[in-house]
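Following: one structure in structure tokens, then a few remarks.
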Amino acid sequence: MRSIFAKIAAIAGISILAGCGGPVPGANFVHDPYQQTVNKAIDTAVLRPAAQVYDVATPALVKHLASNALNMLALPGDAANHLLQGEFMASLRTVGRFGINVIMGAVLLDPATEMGLPREGTDFGVTLASMGVNEGAYLEVPFLGPMTERNLVGRVVDMAFNPLNYATGLPTGTSAGVTGLGVVDGRYRYFDLIDRTLYESEDSYIAARSAYLQLRRRAVAGGTTAESLPDVF
């Protein structure tokens, strides 16, 4: 466990050193030196058909429970990031939400929301922003969609908070399988939004980039991640 946190600290330190020297984004600033457009092709060939099959082949209750379970796996990271951001009460509320849903909801149900403890999502990308790390260049990461260099580093660190990484007795590949399920589930839940962005926009690349940067900057300003934009396109 100590080595995991040492790696997290090292990644964070490198990110801070690398990010502070980059361009500082304004409200309309876009730093996009790569102009890669791989994700629409991936979505057309893989993610969109997978989401359609998932929708048709999976019962509604199973999809709901799977979404709850994926949400639960994100809560330890939420709690840790709130703490790193100095949001102590938000971290405590997230720990409380996790405990209630484990004890009363058997992981798959969400009684905590009904009890007034909805998810207050955040991530290490927001944590890095609170440390003064610039967002860096805009990227399109295959299967993960729109991202910035800062949030790509944040995603890697957030993976270290996943409880499945520390569970024993699980079959090999369980964590990777759950990650894949999360990608397909996100594509299913935001199906109409992603279709409008990728297939109905005059320029899908610009539309996705603009929406992503606006919502991420809003998340940084507000301290929580926006739920209205998925991680996949």
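The values are calculated or read from the model by the stated rules, or taken from the named source; none is laboratory data. None of the values given here were measured: they were computed from a predicted structure. Neighbour counts run over all protein chains shown; Cβ positions are idealised from the backbone, glycine included. Side chains are part of the model used for accessible areas, which takes the heavy atoms of the whole protein and leaves out ligands, DNA and RNA. Shrake-Rupley method; radii C 1.70, N 1.55, O 1.52, S 1.80 Å.
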- Within segment 152-173, can one find any residue that is basic (Lys, Arg) and either free of Cβ contacts under 8 Å to residues at least 60 places away in the same chain or within 27 Å of LEU84 (Cα to Cα) (or both)? yes
- Note on the structure: Of GLY77, GLY96, GLY86, the only residue that is part of a loop (DSSP other than H, G, I, E, B) and at pLDDT 65 or above is GLY86
- Do we find that ASP43 is under 21 Å from TYR212 (Cβ atoms), modelled with pLDDT of 85 or more, touching a strand residue (DSSP E or B) at 6+ places or on another chain (Cβ under 9 Å) and open to solvent by less than 80 Å² (accessible area, probe 1.4 Å) in this structure? yes
- Query: Applying the selection to segment 118-151, what residues are more than 18 Å from GLN85 (Cα to Cα) and either open to solvent by 40 Å² or more (accessible area, probe 1.4 Å) or not aliphatic (A, V, I, L, M) (or both)?
  - Reply: PRO118, GLY136, TYR138, GLU140, PRO142, PHE143, LEU144, GLY145, PRO146, THR148, GLU149
- Of the residues that make up segment 107-117, is at least one buried (at least 21 other Cβ atoms within 10 Å of the Cβ), out of contact with any Ser or Thr (no Cβ under 7 Å at 6 or more places or on another chain) and either closer than 19 Å to GLY154 by Cα or polar (S, T, N, Q) (or both)? no
- Query: Does TYR188 count as of a type in the set (Phe, Trp, Tyr), modelled with pLDDT of 90 or more and either crowded, with 19+ Cβ neighbours inside 10 Å or under 19 Å from SER67 (Cα atoms) (or both)?
  - Reply: yes
